[in-house]
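So the structure is just underneath, and the comments pick up after that.
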Amino acid sequence: MSQVTFREATAADLSTLLALLADDAIARERTGYVDEPTLEVRAAFDEIATDPNNVLVVGERIGEVVACLQLTFIPGLSRGGMRRALVEAVRVRADLRGQRIGEQLMQDAMARARARGCRLIQLTTDKRRQAAHRFYARLGFEASHEGMKRTL
């Protein structure tokens, strides 16, 4: 297995990021799903890329993007002003799953969070994603809260 390296995403990665996000039946069910960069998606990418509290991380192997996630750093008043990191949109290319790329990606995210002074990292995952639940539990994440969402 070739080494995976992690870096911040660039605009040139956008189509590949969308393909990784789309390679998921649950994601394709959601409102707003797109498979090509629209003006709105490009604007969102630009906003994330210029926000110092956000980073899109890609995993690259042999010059190909094979994994991604979004990491958001959140200052807060609770827990004595503790900073936390929020992980979103974790994906590993389907044909490469089971090779510990996702584990390496999450380890990279945790290292980035620690470097930014975060003392907690959190995420939500769809209740239907039982394999993802086992994956995150194996990495030490605990199902400590019940998440809720509402469309606006």
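The values are calculated or read from the model by the stated rules, or taken from the named source; none is laboratory data. As the structure is a prediction and not an experimental result, all values here were calculated from the model. Glycine also receives a Cβ, built like all others from the backbone with ideal geometry; neighbour counts cover every protein chain displayed. Ligands, DNA and RNA are excluded from the accessible area calculation, which covers all protein heavy atoms including side chains. Shrake-Rupley method; radii C 1.70, N 1.55, O 1.52, S 1.80 Å.
Stretching the chain fully between Ala11 and Ala27 yields a gain of 3.6 nm (0.36 nm per residue, less the alpha carbon separation). Selection among Val65, Phe45, Val92 by position relative to the dipole of the stretch 6-135 gives Val92 as farthest towards the positive end (Cβ unit charges, Cα centre). Rounded to two decimals, the Cα radius of gyration of the stretch 16-152 over 2.2 N^0.38 Å is 1.07.
Residues considered: Phe73, Phe45, Phe141. Largest GNM mean-square fluctuation over the chain, using C-alpha springs under 10 Å, is found at Phe141. Excluding ligands and nucleic acids, what accessible area in Å² is computed for Leu18 using a 1.4 Å probe, to the nearest 10? Approximately 20 Å² for this residue. Note on Ala143/Ile62: beta-carbon distance plugged into 1/(1 + (r/R0)^6) with R0 of 22 Å gives a FRET efficiency of 0.05.
Sorting His133, His145 by solvent-accessible area of protein heavy atoms yields His145, His133, largest first, with a 1.4 Å probe. Placing R0 at 22 angstrom, the Cβ-Cβ distance between Leu77 and Thr50 gives a FRET efficiency of 0.30 after rounding to 0.05.
Considering only Ala44, Ala109, Ala67, the Gaussian network model of the chain with Cα springs below 10 Å gives its largest mean-square fluctuation to Ala44.
Considering only beta bridges that DSSP places wholly inside the chain, some 80 percent are antiparallel.
The order of the peptides 124-130, 85-91 by mean Cβ neighbours within 10 Å, most packed first, is 85-91, 124-130. Each residue, Ala89 and Ala131, gets one label point 7 Å from its Cα in the Cβ direction; the gap between the two is 2.2 nm. When Asp51, Asp46 are compared by accessible surface with a 1.4 Å probe, the order from highest to lowest is Asp46, Asp51.
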